[in-house]
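The values are calculated or read from the model by the stated rules, or taken from the named source; none is laboratory data. Source: prediction; values computed, not measured. When we count neighbours, we look across all protein chains shown, and the Cβ atoms used for this are built from the backbone with ideal geometry, even at glycine. The accessibility values were calculated without ligands, DNA or RNA, using every heavy atom of the protein model including side chains. Shrake-Rupley method; radii C 1.70, N 1.55, O 1.52, S 1.80 Å.
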Amino acid sequence: MTAFNTDQRTPLLITAGTPLVPGKMYLRLYQGRTDPAEEMDDWGFVGPTFGPLSCYVHTYCCNFRIRGGRDYREIWLGKCDDMIQWDGCYYGDMEVFIALNNDRA
């Protein structure tokens, strides 16, 4: 079972806690902060999970494009300095992974 967000602006955003489909590709953001200038003493917060994905494209170390399924739903993740910017937050790390049994967003 995969629950897709019905918001057309973020069609690949998976609701936190939702079970992921084993064998499908996802992207998750980590080391979150709300201020890009914040000095991190810890790992920050875990960000959103996107998927399932059919494609992940990284262009000129600037833009990240993720695409899902046959309907070509697509999201672009921007870059701010050396972080990924999404929904007013900044992330220092991301993971592209294949979901295993019992993985959750």
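The stretch between CYS61 and ILE98 holds 11.1 nm of extra length on full extension. This uses 0.36 nm per residue minus the Cα-Cα distance. Measuring nothing but protein heavy atoms, the accessible surface of the range 53-105 at 1.4 Å probe radius is 46 percent carbon and sulfur. Among the trypsin sites (Lys or Arg not before Pro) in the range 26-102, those located in a DSSP loop and surrounded by at most 16 other Cβ atoms within 10 Å of their own Cβ are ARG70. Available extension along the chain between GLU74 and ALA37 is 10.4 nm, counting 0.36 nm per residue and deducting the alpha carbon span. Normalising the average separation of contacting C-alpha pairs (under 8 angstrom, six or more residues apart) by the number of residues puts the relative contact order of the chain at 36 percent. Here, P(r) means the percent of Cα pairs in each 10 Å bin from 0 to the largest distance; for the chain it is 15, 47, 31, 6, 0. Ligands, DNA and RNA are left out, and with a 1.4 angstrom probe the accessible area of the range 40-105 is 65 Å² per residue. Amide H to amide H, with H built 1.01 Å from N, ALA105 comes under 5 Å of GLY17, THR18, LEU20, counting only residues 5 or more places away or on other chains.
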